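Worksheet: one structure, shown below.
The values are calculated or read from the model by the stated rules, or taken from the named source; none is laboratory data. Predicted model only: the values in this text are computed from it and were never measured. Glycine also receives a Cβ, built like all others from the backbone with ideal geometry; neighbour counts cover every protein chain displayed. Remember, those area values only see protein heavy atoms, side chains included, never the ligands or the DNA or RNA. Shrake-Rupley method; radii C 1.70, N 1.55, O 1.52, S 1.80 Å.
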Amino acid sequence: MNILLWHVHGSWTTSFVQGKHRYLVPVNAGRDEWGRGRARTFDWPETVEEVDVGALRPADVDVIVLQRPGELERIAHLRAPKIYVEHNTPKGDVPNSRHPMADRDDLVIAHVTHFNELFWDTGATRTTVIEHGIVEPAARWTGELERFAVVTNEPVRRNRVTGTDLMPRFAAVAPLDVYGMGVAGLDLDRVTAYDDPPQARMHEAIAQRRAYLHLCRWTSLGLSLIEAMQIGMPVLALATTEAIAAVPPDAGVLSTRVDTLVEAAQWLIDEPEAARRLGARARQVALARYGLDRFLADWDRLLEEETCVSR
């Protein structure tokens, strides 16, 4: 199939484009949010082609994968089946948040977590859930550095959403290394920021840290959390949204009581063997639940169903 989709979420798209299809990714001169083109810090196959979306003809596209409401106006000249991927938890009047694609009969919404499907009000629009699957990282946990790893985007602007306000409590136990986009402005004691590193290099770096911190209060399910688990890292996470389903008790410590997580952080610094044991279980669970083959098979089924319905 020829699948049109924008480069919105680099990690998710990296998994999605590993399939057997041809992927058409819009690009523009500014390589802005409406035309980023191919990723520069992720490894994408040659089946991903940069295109001018306005120049595409109906015959060029078999399926359109949407991820933002504003994309609809940019594909009005195309007549392919549409699947809207909802990556995010609802904002605003939770749990009464009305989805922007609610009550439509011309597309299906594919949620990335069951939490999302539960909390978004999509009205009469058809929905499904395709849980994340990722390309298994090459790095493996060693944990020799008595430091914690955090992977997040824009922690300064988003602050309480990403749990940035909680970082000093963990930095008092051991230094934090924070990786991601828009982290350069992070200025906290015993916190070091690494802005937008290549994915493989970031995986190698976090694998050396003792544990992974997932401090997001309100996120769908961070792919970086799954990547850390597949690397074999023990997890310390807020017990919110989908994290409680992704991380079993024997793979890390989850709590809504921050003091409990801080105490667990000290435990993992003091007991590297306990960290190794939790990390081994985290890797086992994440490989079984969030493997790439299952993810691509689920997507192939949905793509085939939607193209068949439109014929």
Listed by first then second residue, the pairs whose first member lies in segment 199-213 and is on the phi < 0 side of the Ramachandran plot, whose partner is modelled with pLDDT under 95 and open to solvent by 20 Å² or more (accessible area, probe 1.4 Å), with beta carbons under 8 Å and at least 6 positions apart or on separate chains, are Q199/S11; Q199/T41; Q199/F42; Q199/D43; A200/D43; A205/P197
Scanning segment 243-279 residue by residue, those among the β-branched types (V, I, T), open to solvent by less than 60 Å² (accessible area, probe 1.4 Å) and in contact with a Ser or Thr (Cβ under 8 Å, 6 or more places away or on another chain) turn out to be V253
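Between R301, R283, R294, R289, which is within 20 Å of V129 (Cβ to Cβ) and in contact with a helix residue (DSSP H, G or I) (Cβ under 8 Å, 6 or more places away or on another chain)? Don't jump to the end; show me each part of the working.
On the way: R301 fails: in contact with a helix residue (DSSP H, G or I) (Cβ under 8 Å, 6 or more places away or on another chain); R283 fails: within 20 Å of V129 (Cβ to Cβ); R294 fails: in contact with a helix residue (DSSP H, G or I) (Cβ under 8 Å, 6 or more places away or on another chain).
The unique qualifying residue is R289.
Can R147 be described as among the basic types (K, R), farther than 20 Å from T260 by Cβ, open to solvent by 30 Å² or more (accessible area, probe 1.4 Å) and assigned to a loop (DSSP other than H, G, I, E, B)? I'd like the intermediate steps shown before the answer.
On the way: among the basic types (K, R): yes; farther than 20 Å from T260 by Cβ: yes; open to solvent by 30 Å² or more (accessible area, probe 1.4 Å): yes; assigned to a loop (DSSP other than H, G, I, E, B): no.
No, not satisfied.
Being over 23 Å from R126 (Cβ atoms) and either modelled with pLDDT under 95 or among the acidic types (D, E) (or both): is that true of D32 here? Full working, then the answer.
Details: over 23 Å from R126 (Cβ atoms): yes; either modelled with pLDDT under 95 or among the acidic types (D, E) (or both): yes.
Criteria met by D32.
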The condition of being assigned to a strand (DSSP E or B) and either open to solvent by 70 Å² or more (accessible area, probe 1.4 Å) or closer than 15 Å to T13 by Cα (or both) holds, among A39, A124, A110, A59, only for A110
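If you check N2 against the conditions, is it among the polar types (S, T, N, Q), open to solvent by 60 Å² or more (accessible area, probe 1.4 Å) and closer than 27 Å to T125 by Cα?
Working: among the polar types (S, T, N, Q): yes; open to solvent by 60 Å² or more (accessible area, probe 1.4 Å): no; closer than 27 Å to T125 by Cα: yes.
It is false that N2 is among the polar types (S, T, N, Q), open to solvent by 60 Å² or more (accessible area, probe 1.4 Å) and closer than 27 Å to T125 by Cα.
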Only unsatisfied item for L221, checking (1) crowded, with 22+ Cβ neighbours inside 10 Å; (2) at pLDDT 95 or above; (3) not small (G, A, S), is (2)
* To do: State yes or no: is G92 small (G, A, S), open to solvent by 20 Å² or more (accessible area, probe 1.4 Å) and touching a strand residue (DSSP E or B) at 6+ places or on another chain (Cβ under 8 Å)?
  => no
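Collect the residues in segment 15-60 that are out of contact with any strand residue (DSSP E or B) (no Cβ under 8 Å at 6 or more places or on another chain) and either in contact (Cβ under 8 Å) with a residue 40 or more places away in the chain or aliphatic (A, V, I, L, M) (or both), keeping them in residue-number order.
Kept after step one, since they are out of contact with any strand residue (DSSP E or B) (no Cβ under 8 Å at 6 or more places or on another chain), are these residues of segment 15-60: 18-20, 28-33, 39-46, 54-55, 57-59.
Matches in segment 15-60: Q18, G19, K20, A29, A39, T41, F42, D43, A55, A59.
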Contact list, first residue from segment 280-306 and of a type in the set (D, E, K, R) and surrounded by 16 or more Cβ atoms within 10 Å (Cβ to Cβ), second anywhere and at pLDDT 95 or above and not in a helix (DSSP H, G or I), beta-carbon distance below 7 Å, six or more apart or interchain, is R283/G232; D298/I130; E306/V63; E306/P81; E306/I83; E306/V108
